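Data first, discussion second: the structure below is written as structure tokens.
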Amino acid sequence: MIHGAAALAGAFALAHTLRYGLDERGATLAFGALILLGELARWGGSQREPAPLGAAGALAYALLGDIAGRPAQHGVLQVVAVVCAATLAGSVPHIAAGRGRALEHLTRRTLTVGFAAVCFQTPYNTGLLDHLVGRGPFYALWIVLVLVLTALNDAVLAAALARARTLPDAFRRTGGTPLPYGPLLRDQLRAMTGIVSAVGATGAVMALSVAVGGLWALPVFCVPLLLTQLAFRRYTEVRTTYRQTITSLARATEIAGYTPQGHARRVALLSRAIGRDLGLTGPDLQVLEYAALMHDIGQLSLVDPVPAGATAELPAADQRRIALLGGAVVRQTGVAREVAVVVERQADPFREQPLTARIVRTANAYDEMARGDGPGGALAAVERLRLGTGHDYQAEIVESLARVLSRGGPARSAAV
């Protein structure tokens, strides 16, 4: 429905603009080129805003009331058409290279900028804005209000699209319980304090600067924002390399024959799914995933490997020794201290553990219990975990595990 609404809005705006022509051709070409440049320089991945320069330019065009002291003539439909066309053109190289989620990006950009244009251009072009707030400080406050509403609208859209994107095929086939919308929305709302607010503020200042100084204000903001975007791209590459390093360290136990192939990855995927189901977001999810990937690394310090790497059935003292050894290894690798703490405490009594350690403990035990038991292994493993609640595992986490598996979770699908 969201993609369809964006397609209809974009198609109607483009058709209307092609039929009646462009107003303010100079400004239109300047903002279109700015958005195109930002889209060409964007990076892929799951960042909140992969094209800050393009987003700021699009918002500035939607909030553009005056150009060098004279009223602009473009309206809502032209804003949507120009932004949609420039974003689509800038996405072509990324689509060809298979980078990022081009359709989702275009949908969000079209609907978000369309919302901002309706909130600003409609009262501006009808004279209602001049009548209500004039051109003093309340004019700037109105722009800030539009930006806040636009950011909230974008967060709602992003959460809905993320929920639809993460629904596994098993859910679509069986009609299971969808992923909770609340944690996804909270995750998007938290991003408003970071790059999202910076992009919105830049767009607003850009629009106000063009209103006073004309189109020459665009290069003034374009160059530093483009450099910032390139710096963020470099930062993203560093983070990707960091995660690849952690994944390689996690595979060390598999290569050495201490744990079965794919165990660390399955535990990490399942832990992340449980964490999201329980409402964890952002940094907490990242710590949880990294700790789950490295939860067995302490086994590398053992002289005799644990049979099949199954630590959940070991005596509590042995489990704690392996966990402490693992935490010491993690600290030496330079990984965040929070990850080492989770690895160290995964064998503590569960009531003394942080939530992330409880999740890793449950996911690890499930994967060890369920493997090799045939089609009924997943169900039997969950029942064993339920019997262990109260002294080994937290009941809420076990039930969250059951919900994740009922959706066709990342570890194994089972009708739990």
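The values are calculated or read from the model by the stated rules, or taken from the named source; none is laboratory data. Note that the structure is a prediction, hence the values are computed from the model and not measured. Neighbour counts are summed over all protein chains in view; Cβ atoms, including those assigned to glycine, are modelled from backbone coordinates with ideal geometry. Just so you know, the surface numbers come from the protein's heavy atoms only, side chains and all, with ligands and any DNA or RNA stripped out. Shrake-Rupley method; radii C 1.70, N 1.55, O 1.52, S 1.80 Å.
Side notes on the structure shown:
- Pair H16, H391: separation of 7 Å Cα→Cβ label points (nm): 6.9
- Residues in the range 23-40 that a label on A89 would reach, taking backbone N under 14 Å of a point 7 Å out along Cα→Cβ: 25-40
- Heavy-atom surface of the range 225-268, accessible at 1.4 Å and reported per residue (Å²): 60
- Among complete DSSP H helices in the chain, those whose alpha-carbon atoms stretch at least 24 Å along the helix's long axis and whose mean Kyte-Doolittle hydropathy reaches 0.5 are 2-20, 76-97, 137-166, 195-213.
- Ellipsoid semi-axes in whole angstrom, largest first, where each is sqrt(5λ) of the Cα gyration tensor of the chain: 50, 21, 18
- Virtual spin-label span in nm between L152 and L314, 7 Å along Cα→Cβ: 5.2
- Annotation: Cα Rg of the range 37-138 relative to the compact-globule expectation 2.2 N^0.38 Å equals 1.21.
- Rg/Rh for the range 283-378 stands at 0.97; both radii use Cα atoms, and Rh follows the Kirkwood definition.
- Length-normalised contact order for the range 15-147 - Cα pairs under 8 Å, 6+ apart - percent: 27
- Computed over neighbours whose Cβ is under 12 Å from that of I246, the net charge equals +3, Lys and Arg +1, Asp and Glu -1.
- Annotation for A328 and T228: the two label points, set 7 Å from Cα along the Cα-Cβ direction, are 4.6 nm apart.
- Seen from all directions on average, the range 336-386 presents a Cα convex hull projection of 4.0 nm².
- Relative contact order of the chain, taken over Cα pairs closer than 8 Å and 6 or more residues apart, is 15 percent.
- Ellipticity estimate at 222 nm from DSSP helix runs (n ≥ 4, -39,500 (n - 2.57)) divided over the chain, nearest 500: -23500 deg cm²/dmol
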